[in-house]
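Heads up, the thing below is written out as structure tokens.
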Amino acid sequence: MKSIHKYISLLLIITILMSCNEEITLNTTFEPQIFIFGNLTNDAQKLNITIQESVPIENTSKIPKPVNNAKLTLFTESSNGNEMIVTNEFIENNGDYLSSQIISPTIGNLYWIEVELENGILFKSEKEQLKPLVHIDNISMVNSFVRTTFKDPVNDKNFYRLNLFVSDNGKETSAYIISNDVLFNGNSDAFLEEDIGIGLSGSSARATLMNFNYNTFQFYLNIIAQEDAQEDGEGPFQLFAPPPVYLTGNILNTTTKRKALGNFGVVSVSVSNEFILQ
């Protein structure tokens with residue numbers, strides 16, 4: 001008898017909840033967000049930083065608004081703790097800022113940027129170290145996987161992004177892998193592998209291996225999470241998907257003490273020769 005009463009009570013609760021179906025209008029005020037993105041690599045080249053402002057979702061163009069008249073400064077700290085300005089001279093072009101001079105970073109140094117907007121708000125990226133290059137030793141076929149082999153540095157936590165390109169009979173397929181070195185730390189035969197759909201014996205393959213810091217690694221993981229959420233499309237799982245504005249990295253708004261959208265990565269990049277898969 002008690003179980004019947006419990007069942008009836010449950011039905012009443014469900015009925016009440018279903019009847020409370022009232023449409024609520026959300027009055028939200030759009031707050032523009034600043035997006036800052038750039039990568040400093042080991043290559044001697046000019047540094048490019050993009051600064052944009054997000055637009056409301058009802059904006060049909062969906063194109064972020066360029067942020068102009070910002071002041072940029074690139075700093076470095078040497079291994080003995082000396083800090084100095086690398087450059088504060090940038091050429092501005094519709095939200096893109098290109099350094100006036102070629103930057104030649106030093107392996108082992110720390111680098112970061114400061115961005116001051118026209119309204120005085122200051123953004124600062126966290127200090128990141130330019131890590132040593134990790135050279136690609138070989139690209140081969142292992143079962144159906146394309147495997148990229150390299151020597152992982154000893155006694156250092158490394159975070160990687162591998163960009164892989166395979167060409168077979170004029171058809172090129174690409175993929176990328178994000179990984180830390182927890183499973184192969186210090187291994188002289190470390191590898192990352194991916195089944196990218198093509199990769200028969202005789203196909204040509206090339207790769208780019210990026211060695212970066214934890215915060216930049218986390219930023220790329222956020223991008224993957226965003227891509228996966230968008231691929232899921234409609235459905236109940238979208239309720240738990242991260243919003244598009246989740247793409248935060250290592251840049252802090254020093255006024256609000258909140259992380260800004262985007263990231264400034266300090267990345268060592270190793271480019272492979274072309275390998276013929278066997």
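Considering the range 81-107, and only residues there that are within 18 Å of Val266 (Cβ to Cβ) and free of Cβ contacts under 8 Å to residues at least 24 places away in the same chain, the residue that is surrounded by the most Cβ atoms within 10 Å (Cβ to Cβ) turns out to be Asn88.
Reported count of residues in the range 138-151, each being over 10 Å from Leu192 (Cβ atoms) and either in contact with a helix residue (DSSP H, G or I) (Cβ under 6 Å, 6 or more places away or on another chain) or at pLDDT 95 or above (or both), is 1.
When the range 142-193 is filtered for residues that are within 19 Å of Thr216 (Cβ to Cβ) and outside any strand (DSSP E or B), the ones remaining, listed by number, are Asp152, Pro153, Asp156, Lys157, Asn158, Asp181, Val182, Asn185. Among the residues of the range 199-215, which ones are modelled with pLDDT under 90 and surrounded by fewer than 16 Cβ atoms within 10 Å (Cβ to Cβ)? Matches in the range 199-215: Leu200, Ser201, Gly202, Ser204.
Taken over the range 232-269, the criterion of being at pLDDT below 60 and of a type in the set (S, T, N, Q) is satisfied by Gln238 alone. Taking the numbered list (1) under 16 Å from Val266 (Cα atoms); (2) of a type outside the set (Asp, Glu); (3) buried (at least 17 other Cβ atoms within 10 Å of the Cβ); (4) under 21 Å from the mean Cα position of the chain (by Cα) in turn, Phe75 passes all entries but (4).
The requirement of being at pLDDT 95 or above and either charged (D, E, K, R) or touching a Gly at 6+ places or on another chain (Cβ under 8 Å) (or both) is fulfilled nowhere in the range 53-61; no residue meets it.
Picking from residues in the range 24-50 that are modelled with pLDDT under 85 and either closer than 30 Å to Gln129 by Cα or of a type outside the set (Asp, Glu) (or both), the one that is nearest to the chain's Cα centre (by Cα) is Pro32.
Considering (1) modelled with pLDDT under 85; (2) exposed (fewer than 15 other Cβ atoms within 10 Å of the Cβ); (3) not charged (D, E, K, R), the lone condition that Ala229 does not fulfil carries the number (2).
Taken as a whole, the condition of being at pLDDT below 95 and at negative phi applies to Lys65.
The values are calculated or read from the model by the stated rules, or taken from the named source; none is laboratory data. Everything quoted here is computed from the prediction, not taken from an experiment. No Cβ is skipped: glycine too gets one built from the backbone with ideal geometry, and neighbour counts run over all protein chains shown.
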